[in-house]
Structure formats: C-alpha cells, structure tokens
1. Arranged by the count of other C-beta atoms within 10 angstrom, fewest first, what order do 52, 63 take?
2. Using a Förster distance of 25 Å, how high is the FRET efficiency between residue 43 and residue 87, based on the Cβ-Cβ distance and rounded to 0.05?
3. Could you list the residues of the stretch 59-86 with an amide nitrogen less than 11 Å from a label point located 7 Å from the Cα of residue 121 in the Cα-to-C-beta direction?
4. With θ taken as phi - 60° and the coefficients 6.51, -1.76 and 1.60, list the Karplus ³J(HN,Hα) couplings across the stretch 109-115 in order, rounded to whole Hz; mark glycine and proline as x.
5. Name the residue from 3, 21, 76 whose Cα lies farthest towards the positive end of the charge dipole of the stretch 1-122, charges +1 on Cβ of Lys and Arg and -1 on Cβ of Asp and Glu.
6. So what's the Cα pair-distance distribution over the chain, bin width 10 Å, in %?
Amino acid sequence: ATNRTFTMIKPDAVANGHIGAILNDIIAGGFKIVAMKYIQLTTETAGAFYAVHSARPFYGELVNFMTSGPIVAVILEKENAIEDFRTLIGATNPAEAAEGTIRNKYAKSIDANAVHGSDSDENAQIEGAFFFSQFERF
Ligand code: CMP
C-alpha cells in the first residue's frame, strides 16, 4: 500500500551543509515530497514533539540539540514508506548504521544523527500533523 512517513533533517545535518545531499538520497530512494518546511524548534515545541521520550535519560539533551539550529520537516510518500525509509537512513546510532545509509554518510553521534524517521504509521500521522495543516500537503 502507498503510505507516508515523516522526517526531519536535524540541526547537525543542516549546519554541515547536507540538506541537498539528503533530499537527493530521499528522492533517489523513490520517495515523493508531500510537505516540507524550514523551521527552528523551541524548547516548548521540541519538548512537545518528543513528549513520548520525556521519561528517558536522554530527553534533556535531545531537546537541547533539536533546538540548536533550524531543521527541515518533511512528509514523504512511498509504498511501504515507514520500513523503506528506516532502511534508507540506517540505525539510530550512526556507528551501527549500514554502509551507504544516510546516517552512515552524514551523521556523527546518536544525538547528532542527521535525520529522524517515524517508527509507525500512527506516529507518522501524529508527527506530520504536528508540523503541517491539510493545506500544506500536496
Ligand atoms: P529520533 O528517532 O529522532 O528520536 C529520538 C532521538 O533520541 C533519536 O532519534 C536519537 O537522536 C536520540 N537519542 C539519544 N540517545 C538515544 C538512545 N539511547 N536511544 C534512542 N535514541 C536516542
């Protein structure tokens, strides 16, 4: 089935000049852009986006990092989007990300891991709705 996922190009990848290369890899991977914006998260908005992780020991560091510079938020469409996108980006920890994946090529650490990818259809829907209205999806 055709479905959707949500990604962010994180502050490290933006600051290191990788927006274009990452979008190229995503499009070459067969994903269509449904919605996209360049935006900086605040402590409040990043905290809300990652509320599911609020009890985890890395939450404070995660919110700090995600507010450190602008990000690119994107909704993507492809058959089998969730799983295929996770394959394209590689493991959360770039040290464990397979050769040729986006995190293998562009990420430095588990926090500065270049991109986010939704882990389920339900979370993709929630995360996309966090950033985009119905009038911003094409
Ligand atoms: P992301 O998939 O965007 O969502 C949660 C983020 O927390 C994750 O990417 C990592 O960048 C970050 N993180 C930091 N430490 C950990 C950890 N131990 N396990 C999972 N995620 C972590």
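1. Ascending number of Cβ neighbours within 10 Å: 52, 63.
2. Numbers: r = 32 Å, r/R0 = 1.29.
Efficiency computed from Cβ-Cβ geometry: 0.20.
3. 80-82, by backbone N distance to the label point.
4. Using θ = phi - 60°, the values come out as 8, 5, 7, 7, 9, 6, 9 Hz.
5. 21
6. 13, 46, 37, 5
Read the figures in this text as sums done on the coordinates, not as results from a lab. Since we're looking at a predicted model, the values are computed, not measured. Glycine also receives a Cβ, built like all others from the backbone with ideal geometry; neighbour counts cover every protein chain displayed.
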